[in-house]
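This report refers to the structure that appears directly beneath it.
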Amino acid sequence: MKSRYISCSKAISEAIAEEMEQDETVFILGEDLVAHGGIFGQFSGLPKLFPDRIIDTPISETAIVGGGIGAALTGMRPIIDMHFADFVTTAMDEIVNQMAKIRYMFGGQAKLPLVLWAPDGSGIRAAAQHSQCLESWFVHTPGLKVVVPSEPADVKGLLKSAIRDDDPVVFFQHKSLFAQRGPVSPEPYYIPLGVADVKRPGAHITLITYSRMTYRCLEAAQELAGQGIDAEVIDLRTLKPLDFNCIAQSVSKTRCAMIVHEACLTGGFGAEIAARIGEELFDCLAAPVARIGAKDVPMPFSPVMEDFVVPQVADIVACAEKTVKRKRL
Amino acid sequence: MPTKTLLAQQAASLTDLSIYRHSGHMHAHTKPALHINARQKRAILKRMVLIRVFEEKAGDLFQQKLIPGFIHLSIGQEASTVGSCSALRPDDYIISTHRGHAHILAKGADPKYMYAELFGKAAGYCKGKGGSMHIADFSLGILGANGVVGGGFPIMTGAGLSIKLRKTDQVGMVFFGDGASNRGTFHEAANMAAVFKLPIVFVCENNYYASTSRADKMVSGPSIAARACAYGMPGHFVDGSNVLDVLGAVQEAVDHARSGNGPSLIETSTYRYRGHFEGDKQKYRTAEEIHAHKLHRDPIDRFEKLLLIEGTLTREDIDAVWEGVNARIDEAIRFGMEAPLPQPEDALKDLFVNL
Ligand SMILES: Cc1ncc(C[n+]2csc(CCOP(=O)(O)OP(=O)(O)O)c2C)c(N)n1
Ligand SMILES: [Mg+2]
């Protein structure tokens, strides 16, 4: 089937439209969804197609997220729009103490089929309270699945799976990727949670990444190729469940791994991957595992400072070169 | 007596502005500030014009892509903001919102450091780390604009508690929108401020819209001012396009707080002329509605007419105010444009006091 080139925004609205079409318990709850199809236009067309199932709320995040939980417990399949991922902080009890724990605490009686959809990341110069990548908080909370897609085809297939999933899924959509286009099949399809994707095969080093940094790693890989370094790029796509097999296969081959994410470095998901590679793949490593993340500061407003804080292609290239140079034979 | 709730009346007024031609509409608190003298009135006009010109030029600069990120302008809301801040002393505190330029200017901030901040320059109020949504000048009692709607309420509760513990007679004023009145933080802070009798004035600038959402669709109850009643504090609704009405109501609330009687809530009925942010498609309202508000309820226009009728100022005096402000703003923009960018590594500074 011939693919079309569509944006991540379009992929999102298509995924939701298809799921709403076949399951009338799917609905979206959040602020400012109807007038403009979401504040990023990500739900364009949906208010017309499903007028009763895309619901504008007051600015009451606690009630929005808690409301999603209550609806999920009682037979609905809500998508909760978090507006900006940064605002998860205003509903952390609902997410961490309720959403993530209800099924387990109550001995597996309940299921919570909901998606917490949260646009994250920097790039629109929105400063400290509108630019964060907070995925590691949720990976650190047992009971939540965490999705961090990059290209439109993955966004669509993973969002559909997240909606169908019977457990709570935190779905981070990078804000700088809404307009990013890519090939997407016109036929409905699903991508299972927990399967990484090798976006570029390579022999010398494995770049393990996700979300927007996938594109930066691909660009870096191209530059590295010019210097004779053949980098493999793995897009994890979901952090929980994690496809460690894919990492293991690649690192066994390249014997060299580097993790790249936009979230700040300390306590970021890269630390978890590096630890697991150390524990499970020590014997095949030829160099220390490298990590790149944002510098450990809130996001500054001024573009010169933001660009310094967030990993750039040049940072990835430099770190990969250094790591490959350290490889023992 | 109209039987409709204030919120319903406001909603009706979006299409029927004749409501505003009758005085005393909407049970507004009408004890305008009558005691202020000509010099103070000129200062009030000047502040409103300063905000108007600052914001209009910020909008132009944004359109020319000279301001990164996004900006929320307060054009149309000047009377609400200036009336409120005119009741404060320099050592009083304010906390602002995402739509913060006006509050910060009204509390006395210098536009040149504000523009520098909007441009992301090192000379800005926050050294380029904050941008439009995060401007503060702690030396002027401005405890910060806030990018999180409703983020300011609990912080002001703490500032109020601190005033009480330090036994000063300062007052804290927290600005918020109609939309923010639905955050849980508002309700927690209002109750705590009331039980502790904290010297806080809650100023709700009800401009009818929270982003794309109309207040009458999102706020339950007769009005936002009426929510004060639930927390046992005075609540007043005031015509936010009339600066002296706002000042009268807010002055009463400030005096009440300063003399140890606890918090109050003032709801000002106002209107933003621009989109929620610059570039907003505004599909949620009509051009006619915006035009009608500009025509009939412009706060600066109304105040100028009053001053002319009273004979407080002449047309020439008013023109001189605009000229002076324009020159000051142009100079401030020049300062901001010419100021150097921060060094990239400056991003690593200011995180901790001693690290
Ligand atoms: C906790 C939180 N939720 C949502 C937003 C996004 N947001 C920014 S401004 C705004 C509307 C605020 O409306 P209102 O309080 O009436 O203030 P106004 O914009 O009218 O000045 C929204 C929803 C936010 N910044 N913070
Ligand atoms: Mg509003």
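The values are calculated or read from the model by the stated rules, or taken from the named source; none is laboratory data. Note that the structure is predicted; figures quoted are calculated from it, not measured. Note: ideal-geometry Cβ built from the backbone for every residue, glycine included; neighbour counts use all protein chains shown. For accessibility, only protein heavy atoms count, side chains too; no ligands or nucleic acids. Shrake-Rupley method; radii C 1.70, N 1.55, O 1.52, S 1.80 Å.
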In degrees, nearest 10, the alpha-carbon axis of helix A:61-73 is tilted away from the dominant principal axis of the alpha carbons of chain A by 80
Using a 1.4 Å probe, how large is the accessible area of B:Glu338, given in Å² and rounded to the nearest 10?
140
Quote the relative contact order of chain A in percent (integer), defining contacts as alpha-carbon pairs under 8 Å separated by 6+ residues.
16
Provide Rg and Dmax in Å for the stretch A:209-282, with only Cα atoms included in the calculation.
12.3, 35
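Counting other C-beta atoms within 10 Å, and keeping those with at most 10, which DSSP coil trypsin sites (Lys or Arg not before Pro) do you find in the stretch B:211-307?
On the way: sites: B:Arg214, B:Lys217, B:Arg227, B:Arg258, B:Arg272, B:Arg274, B:Lys281, B:Lys283, B:Arg285, B:Lys294, B:Arg297, B:Arg302, B:Lys305; in loops: B:Arg272, B:Arg274, B:Lys281, B:Lys283, B:Arg285.
Loop-located and lightly packed - none at all.
Under the 0.36 nm per residue contour assumption, what length would be gained going from the current alpha-carbon distance of B:Ala230 and B:Asn326 to full extension?
Values: separation 96, 0.36 × 96 = 34.56 nm, distance 4.47 nm.
Working it through step by step, the gained length comes to 30.1 nm.
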Mind pulling the per residue volume of the convex hull built on the Cα atoms of the stretch A:197-325? Å³ is fine.
97
Mind grabbing the interface size between B and A? I mean buried accessible area, both sides, 1.4 Å probe, in Å² to the nearest hundred.
2700
B:Glu345-B:Glu288 pseudo-label distance in nm [points 7 Å out on the Cα-to-Cβ vector]
6.2
Span from the the stretch B:265-299 Cα centroid across to the the stretch A:309-329 one, whole angstrom
52
Accessible area per residue of the protein assembly as shown at 1.4 Å probe, in Å²?
39
Along the three principal axes, how long is chain A when you take its alpha carbons, biggest first, rounded to the nearest angstrom?
62, 44, 43
Bridge orientation stat for the stretch A:197-325 from DSSP, antiparallel percent rounded to 5, came to 20
Just grab the label-to-label distance for B:Ser220 and B:Asp60, each label 7 Å out from Cα along the Cβ direction, in nm (one decimal).
4.7
Of every hundred units of 1.4 Å-probe accessible area on chain B, the number belonging to carbon and sulfur atoms, as a percent, is 56
The stretch B:71-125 and the stretch A:3-58: distance between their alpha carbon centers, rounded to Å:
37
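Full extension from A:Ala203 to A:Lys325: what is 0.36 nm times the residue separation minus their Cα-Cα distance, to one decimal in nm?
On the way: separation 122, 0.36 × 122 = 43.92 nm, distance 1.42 nm.
Roughly 42.5 nm would be gained on extension.
Which whole-number value in Å³ per residue fits the convex hull of the alpha carbons of chain B?
Values: hull volume 48.7 nm³, N = 355.
Expressed per residue, the convex hull around the Cα atoms of chain B is 137 Å³.
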Kindly provide log₁₀ I(q)/I(0) values, in the same order as q = 0.13, 0.17, 0.19 Å⁻¹, from the Debye equation applied to equal alpha-carbon scatterers of the stretch A:56-184.
-0.51, -0.87, -1.07
Taking chain A as the reference, fit the longest principal axis to its C-alpha atoms, fit the long axis of helix A:313-325 to the helix C-alpha atoms, and give the angle between the two in degrees, 0 to 90, nearest 10.
40
Under a crude label model (7 Å from the Cα following the beta-carbon direction), how far is A:His140 from B:Leu165 in nanometres?
2.8
Accessible area in the full protein assembly, largest first, 1.4 Å probe, for A:Lys160, A:Lys322
A:Lys322, A:Lys160
Protein chains only, probe 1.4 Å: how do B:Asp60, B:Asp280, A:Asp23 rank by accessible area, largest first?
B:Asp60, A:Asp23, B:Asp280
Rounded to two decimals, what ratio of Rg to Rh does the stretch B:254-355 give with C-alpha atoms and a Kirkwood Rh?
1.12
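Roughly how compact is the stretch B:162-248, stated as its Cα Rg over 2.2 N^0.38 Å to two decimals?
Numbers: Rg = 13.8 Å, N = 87, 2.2 N^0.38 = 12.0 Å.
Dividing the Cα radius of gyration by 2.2 N^0.38 Å gives 1.15.
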Ranking by accessible area, most exposed first, for B:Glu288, B:Glu310 with a 1.4 Å probe:
B:Glu288, B:Glu310
Losing no less than 40 Å² of accessible area (probe 1.4 Å) relative to the isolated chain, the residues of the stretch B:112-152 are B:Lys129, B:His134, B:Val148
Take the alpha carbon atoms of the stretch A:236-274, find their center, do the same for the stretch A:119-149, and report the distance between the two centers in whole angstrom.
17
Past 24 Å, Cα to Cα, is the threshold; run A:Lys101/A:Lys199; A:Lys10/A:Lys199; A:Lys2/A:Lys160; B:Lys283/B:Lys305; B:Lys46/B:Lys121 against it and keep the listed order.
A:Lys101/A:Lys199; B:Lys283/B:Lys305; B:Lys46/B:Lys121
For A:Leu49 the rounded accessible area (nearest 10 Å², probe 1.4 Å, non-protein molecules ignored) is 110
Hull volume per residue for the protein assembly as shown, using the convex hull of the C-alpha atoms, in Å³ is 174
Accessible surface of A:Ile79 in the full protein assembly, 1.4 angstrom probe, to the nearest 10 Å²?
0
Of A:Val297, A:Leu285, A:Thr209, which is farthest on the positive side of the dipole of the stretch A:197-325, counting Cα position, with +1 on Lys and Arg Cβ, -1 on Asp and Glu Cβ, and the Cα centre as origin?
A:Leu285
